[in-house]
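Chemist: So that we are looking at the same thing, I have put the structure below in structure tokens.
The values are calculated or read from the model by the stated rules, or taken from the named source; none is laboratory data. Owing to the predicted nature of the structure, the values given are computational and were not obtained by experimental measurement. Cβ coordinates were reconstructed from backbone atoms using ideal geometry, including for glycine residues, and neighbour counts include every protein chain displayed.
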């Protein structure tokens, strides 16, 4: 399990009865699954024919999240099965799951791996999904939900982001699924633009921006046959021991006005920085309005408020939606303040927001080393350009 794949390949003649290529790929894949899917890493009997499939597969956390979204379904068709992690989690809720994959090696691995786990009955098939094959599969299996995670690489292995460039092209397949009264759960690139996706796909009831490990990992569209209402946009942060979810109506995101700070932030006040999932929704103004959190500026998506204004009932279960900081000092943004802050906190982290300078450029200009307890924000606000020294904080919400 801990052997060097390169060394194995160099000395493959030592093991004439072993498929060294497969063994090397399994080792590479296992290393990627160590923290991503620890339950699979822990089973030495599983086969992983492709390290790339381990890199691209869902984590246990994100697969479990998707399975919970459709936990009421009795029959689920996973039409882009891959390594099978999503199928495994779907089978923890559904009575029957259909795993379909076009790669013969992955299909062979699924036939070996998936029966080793408890759950609903899993049927496995090898197909390339297109508009000719799909109707027969759906009419035969009759699923309540179809799940698809199109491959986001072209024939040359380059990454693609538009759904029409992915394989299979779900834009061409969505009507085949929805017209049969089947829900469609679609995984898209976290780089995809939500507004654009809502124009391309129809019957979208819910959009989920899913964050784990301080990164937006997945963008999920849940499509309901016949739905023609206002989609709900959700930011979900999921970790082993905590979770946070906030939801907005899509129509309100672009029309709601934010509230803004009325004066320069003060020492001892709180700063809140939205995490990747919340930022992905683009609901910066709506978030400000709903929770009465004043923004620093129109294009500076930071919120400032006195500690006593914190709503503990909301933040107790949603503190993972972003990062809290306590303000130590505030000064007008300029050469003098930059020199002063850099001299006092040379190990500070730094972020530029709403300015014509990037965070990396500012770090270099201030000659900051990083790694310290202080975080300096250079921001454009409604009351002027400011330099704010702050300390990451965990708030007492009891």
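Chemist: Would you check which residues across region 341-364 are over 22 Å from residue 303 (Cα atoms) and touching a strand residue (DSSP E or B) at 6+ places or on another chain (Cβ under 7 Å) and list them?
Modeler: 345, 363
Chemist: Considering 98, 106, which residue is out of contact with any strand residue (DSSP E or B) (no Cβ under 7 Å at 6 or more places or on another chain), modelled with pLDDT of 95 or more and buried (at least 17 other Cβ atoms within 10 Å of the Cβ)? Let's see the steps before the verdict.
Modeler: On the way: 98 fails: out of contact with any strand residue (DSSP E or B) (no Cβ under 7 Å at 6 or more places or on another chain).
Going through 98, 106 in turn, just one is out of contact with any strand residue (DSSP E or B) (no Cβ under 7 Å at 6 or more places or on another chain), modelled with pLDDT of 95 or more and buried (at least 17 other Cβ atoms within 10 Å of the Cβ): 106.
Chemist: Being modelled with pLDDT of 70 or more and buried (at least 19 other Cβ atoms within 10 Å of the Cβ), is that true of even one residue in region 38-45?
Modeler: So in region 38-45, the residues modelled with pLDDT of 70 or more come out as 38-45.
Then keep just the ones that are buried (at least 19 other Cβ atoms within 10 Å of the Cβ); that gives 40-41.
Yes - at least one qualifying residue is present in region 38-45.
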